[in-house]
1. Considering only residues of segment 102-120 that are surrounded by fewer than 10 Cβ atoms within 10 Å (Cβ to Cβ) and part of a helix (DSSP H, G or I), which is nearest to the chain's Cα centre (by Cα)?
2. Can you find even one residue in segment 81-88 that is of a type in the set (Val, Ile, Thr), modelled with pLDDT of 90 or more and either in a strand (DSSP E or B) or surrounded by fewer than 13 Cβ atoms within 10 Å (Cβ to Cβ) (or both)?
3. Pairs, please: C-beta under 9 Å, at least 6 apart or cross-chain, first residue crowded, with 18+ Cβ neighbours inside 10 Å and in segment 9-38, second modelled with pLDDT under 75?
4. May I ask you to say which residue of TYR38, TYR13 is among the hydroxyl-bearing types (Ser, Thr, Tyr), assigned to a strand (DSSP E or B) and modelled with pLDDT of 85 or more?
5. Whether any residue in segment 56-70 is within 19 Å of HIS116 (Cα to Cα), modelled with pLDDT under 90 and surrounded by 20 or more Cβ atoms within 10 Å (Cβ to Cβ) is what I want to check.
Amino acid sequence: MARRGDNFQDNSYVPELGDIVHLNWAPAIGHEMLGPHYGQVLSATLFNTATGTVAVVPITTPRNKLSGFEIPVQAGRFRGVALLSGLCCLDYASRDIQFEGNAGASVIAEANRRLHMIFP
């Protein structure tokens with residue numbers, strides 16, 4: 001089981017489905033999130049291990065009104081909103097992704113249900 005702050009370089013941490021991670025999103029273009037922020041892992045652990053990449057969505061501060069592509073996320077002391085429209089695949093070893101917590105099965109199920117609106 002991963003512990004808060006574990007990363008690939010020091011702990012051989014491989015992000016798992018549902019993990020909340022901290023990473024640097026740079027480089028970014030246009031409306032993409034830039035700099036260090038949290039993200040939620042939406043790819044299967046087997047995919048992550050096999051490819052060295054992870055499908056992750058950025059997490060931001062909650063706003064008053066959520067769209068259909070934003071999901072409230074809570075993991076331990078962390079609270080935010082996962083932006084499903086920002087889904088991207090990243091190299092987790094090169095970006096020094098660090099484990100923060102796990103969002104749980106119900107959040108992942110809801111994220112997958114809503115992603116079907118993007119990828120039917």
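1. Let us first name the residues in segment 102-120 that are surrounded by fewer than 10 Cβ atoms within 10 Å (Cβ to Cβ), namely 106, 116, 119-120.
Now drop any that are not part of a helix (DSSP H, G or I), which leaves 106, 116.
Working: SER106: 15, HIS116: 17 Å.
Checking each candidate, the answer is SER106.
2. Going through segment 81-88, the residues of a type in the set (Val, Ile, Thr) turn out to be 81.
Okay, now just the ones that are also modelled with pLDDT of 90 or more, so 81.
Now drop any that are not either in a strand (DSSP E or B) or surrounded by fewer than 13 Cβ atoms within 10 Å (Cβ to Cβ) (or both), which leaves 81.
Looking through segment 81-88, at least one residue is of a type in the set (Val, Ile, Thr), modelled with pLDDT of 90 or more and either in a strand (DSSP E or B) or surrounded by fewer than 13 Cβ atoms within 10 Å (Cβ to Cβ) (or both).
3. Correct list of pairs: ILE20/GLY76; TRP25/GLU32; TRP25/MET33; TRP25/LEU34; TRP25/GLY35.
4. Numbers: TYR13 fails: assigned to a strand (DSSP E or B).
Only one candidate qualifies: TYR38.
5. yes
The values are calculated or read from the model by the stated rules, or taken from the named source; none is laboratory data. Treat the numbers as computed from the prediction; the structure is a model and nothing was measured. Cβ: placed from backbone, ideal geometry, glycine included. Neighbour counts: every protein chain shown.
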